[in-house]
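Take a look at the structure below.
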Amino acid sequence: METPKQVDSPELHGLTTTSFEVSFDGTNDYLFRDLSAKEITMTESLLTPGLQTSMKFHSFMQTPIIKIFDNFKSAVANIKVIRPILNGFNMLDRMEASTRIYRLENRKLINNNTEEFTLQGCDDTLLNDARNLVSKSWKCVSPSAIVSEILGTCVNAINTDVETSGPARDYIAENIHPFQVINQQADVALAGDDPSFIHYMTYENFKSGDPRGLHHFRSLRSLTAPNNGVARFFFQETGVHAGYGHPESILTHSFPCDFDYLSDILNGVDLDGSQMASLVVVNPMLKSYHLLGNKARGCGIGRGEYMTSFTNFNSAKRQDSCNTDVEKHLLLRQARMNLLEQDKIALRLTVPWNPVLHAGRMIEVYFINKETEKYENYGSGLYLIHSLTHTLKAGGYGTTTMDCVADTVGGGIV
């Protein structure tokens, strides 16, 4: 591998600033003449099995050798970020990430000698997913085992975090992309009786030290467990937790959705938390027909959300197969996933850049009452990070903006 070429942000001093540098593997030296990095954004989401990295540069045009920007195609960009003040709070103060450049966009003149452009990067696994198809069958294999095989064999994921799931099932992948296989496994995977598995990716790489991102296959129940918390933040009009200089301060915040009773009903959950959804399962072999969930008669069969599915319950052995187990996952799966829709975001906040923050992690948030300074105002509590964007600007200003959902999503409630 060639020696990386490095582009630094301007020289920074002071512990509160956030500095970054970008280096590239596999590109030509002349591309880096008078090239400066102006802004980097790094995005994660529970609903996306990939990472999106955007880097904005300014480039001086009048050089002896014409710059051919096609040479950036498929180059690996290495990003290092550090905020020294975090070390004083016993926090991780740096982050490293690598990304594969797949797109150059928005190239334009900003004066007669300088042009601006943006490089878009993604993880190699996203490209491997696009170039591969899966045609294979599994007999009585758990969803987590299939996911581990797909991540390791089909997309060459280096860093993985796969939660154990059941039940063992028969499965056939019919010439579909690897991430589609994982999505289908997430639809049927159970953590006990909880059908809330999701596949997503973060910039975490602390387990292996490899700067490439981490693939997760986890349930909402495990993500909202108390041991998954990573940080706490405070909003106080005056006092020690105020301003960009304090790592635990909240710079801006809003509450897009505190509760949504209509959505709860549409998702099959009543005001008292009782299940309203109904599921009819039909076994053609046994000529059986069962109504599951809420069996109260309304304007037809059952109440609330109504679904129908085939099953092989009580006939799996005769069919030389494993149970489909639709009775366990199908009734609640839709409701669980609807809790992650954009209109269910409970809290949106911006904090000083912090490398421990990732989608799928829990945070504590406190809104201090300035009259008493003892009690937390409404909205304080535990939240699950739904998605986030790290924004790093030349000059030392770095922030992390998070969309969060309430920790109650682990139990199926907005």
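Taken together, the values in this text are just the output of simple stated rules run on the coordinates, not laboratory data. Keep in mind it's a predicted model, so treat the numbers as computed, not measured. Note that each Cβ is placed from the backbone with ideal geometry, even for glycine, and that neighbours are counted across all protein chains shown.
A crude spin-label estimate for the pair Lys136 and Asp258, with each label 7 Å from Cα along the Cβ direction, gives 5.0 nm. Taking every C-alpha pair closer than 8 Å and separated by at least 6 residues, the mean separation divided by the residue count of segment 36-99 gives a relative contact order of 24 percent. Look at the alpha carbon pairs under 8 Å that are at least 6 residues apart: their mean separation over the length of segment 5-123 gives a relative contact order of 27 percent.
Shown for Met402, Met337: other C-beta atoms within 10 Å of each C-beta, ranked fewest to most, produce the order Met337, Met402.
Just in segment 350-404: which trypsin sites (Lys or Arg not before Pro) are loop by DSSP and have at most 12 other Cβ atoms within 10 Å?
Values: sites: Arg361, Lys370, Lys374, Lys393; in loops: Arg361, Lys370, Lys374.
When the trypsin sites (Lys or Arg not before Pro) of segment 350-404 are filtered for loop state and at most 12 Cβ neighbours within 10 Å, Lys370, Lys374 remain.
Length available on full extension from Glu376 to Leu251: 0.36 nm per residue minus the Cα-Cα distance, which gives 43.3 nm. Between Asn369 and Glu237, the modelled label-to-label distance comes to 1.4 nm, taking each label 7 Å out from Cα in the direction of the beta carbon. Here each label is just a point 7 Å from Cα along the line to Cβ, and for Ile65 and Asp343 those points are 5.5 nm apart.
Counting other Cβ atoms within 10 Å as a rough exposure proxy, the listed residues His177, His390 run His177, His390 from fewest neighbours to most.
Sort 214-227, 136-149 by the packing proxy (mean of other Cβ within 10 Å over each peptide's residues), most packed first. Let's see the in-between values first.
Working: 214-227: 19.9, 136-149: 17.7.
In descending order of packing, they fall as 214-227, 136-149.
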